[in-house]
Amino acid sequence: MASGLYSVTTRAPGTVITSLIYNADHQAHIDGRAAPFVGGHSTALSQMQLTRSPFSSGTTEQLPASLGDEIELLRNQVASLKQYLSAGVAPAQWYTQLVSPGFLVVGARMVRTTNQSVSNNTATMLSFTGAVADFNTNSVWAGGTPTRFTAPFTGRYFLGAGVKWAAASAGIRRLRAQVNGSATLIDAHTNTEAGTSNVQYQTISMVWQLNATDYVEYEAFQTSGAALNVLAEDKQSVVGYMVFLGI
């Protein structure tokens, strides 16, 4: 990119301005407004493709040195937005058209691959194996804390869980969501009909405001008189999820 003003032709005092002189000077004025002379991009494809991060020189923002530099900074942000809207895939160029944009899901949907035993009259947090996950981004779920779904950002989240209880002929079944190990967000109860022994399904869901690092767990509870399994028969049987909706 060139810089500086274009050359100005001066005339001697008393010069008669003819149409030829006037038209030539006027054309020079038009030519002088080309991108290289007014500090903009671009006169070549390679110039049009230039971008620059504001942190190109380290961790401190580098201020633009010219209008062209400012344009390169803006192009960098356009490319970043397009990468986000393309589920993390960077565009070939900052101006590349989005063909099939898809928003990156921030959250996790985890299941179990084996049954989990829930002792009689004992609150038990569902523990997810991590062997099967529909999605898990931003470390929402981690194997070191298999009962927890941790909020990476402060904002609103869609939360939910589901279980399938093994058949038993007595007691209640309960599925509950708790935040930070204590506060109950929502729960579901069912009572076993006397004289019957059927499997029971329970699901819960809600939208909740969480702070970054808050964690949600899903608690199972039953009073059948003995230990009872929640069944990991398919991807819907024992499931927990957390999805970030926004601030």
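Every number in this text was worked out from the coordinates using simple rules, so none of it is lab data. The shown structure was predicted, so the numbers you read here are calculated from the model rather than taken from an experiment. Note: ideal-geometry Cβ built from the backbone for every residue, glycine included; neighbour counts use all protein chains shown.
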TODO: Report, to the nearest 10°, how far helix 19-32 tilts away from the longest principal axis of the Cα atoms in the chain, using its own Cα long axis and a range of 0 to 90°.
DONE: 30 degrees
Task: Residue-averaged 222 nm ellipticity for the chain, from DSSP H runs of 4+ at -39500 (n - 2.57), nearest 500 - done: -5000 deg cm²/dmol
Task: Label-point gap, in nm, between Glu70 and Ala194 - each point 7 angstrom along Cα→Cβ - done: 8.2 nm
- [ ] For Gln93 paired with Glu61, estimate the spin-label separation in nm (one decimal), with each label point 7 Å from Cα along the Cα-to-Cβ line.
- [x] 2.8 nm
- [ ] Please report Ser119, Ser80 as a ranked list, fewest other C-beta atoms within 10 angstrom at the top and most at the bottom.
- [x] Ser119, Ser80
- [ ] Of all alpha-carbon pairs in the stretch 107-246, indicate the percentage at a distance above 27 angstrom.
- [x] 18 percent
- [ ] Scale the Cα Rg of the chain by the rule-of-thumb value 2.2 N^0.38 Å and send over the ratio, two decimals.
- [x] 1.80
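Counting only C-alpha contacts under 8 Å and six or more residues apart, can you give the relative contact order of the chain as a whole percent? Before the final figure, lay out each step's value.
Details: 514 pairs, mean separation 49.9, N = 247.
Result for the chain is 20 percent.
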Open item on the list: Along the Cα→Cβ direction, 7 angstrom out, place labels at Ala133 and Gln27. What is the inter-label distance in nm?
Closed with: 6.7 nm
Open item on the list: Angle check, please: helix 67-85 long axis (alpha carbons) against the longest principal axis of the chain (alpha carbons), in degrees 0 to 90, nearest 10.
Closed with: 20 degrees
Open item on the list: 5 Å is the cut-off here: which amide hydrogens, built 1.01 Å from N in the peptide plane, fall below it relative to Ser169, excluding neighbours closer than 5 in sequence?
Closed with: none
Task: Computed over the stretch 107-246: relative contact order in percent, which uses C-alpha pairs under 8 Å that are six or more apart - done: 40 percent
Task: Rounded FRET efficiency, nearest 0.05, which uses the C-beta distance separating Glu233 from Ser169 and R0 of 25 Å - done: 0.80
TODO: Name the most mobile residue of Ile21, Ile172, Ile204, meaning the one with the largest mean-square fluctuation, in a Gaussian network model of the chain with Cα contacts below 10 Å.
DONE: Ile21
Open item on the list: For the stretch 136-152 and the stretch 46-78, what is the centre-to-centre distance using only Cα atoms, to the nearest Å?
Closed with: 36 Å
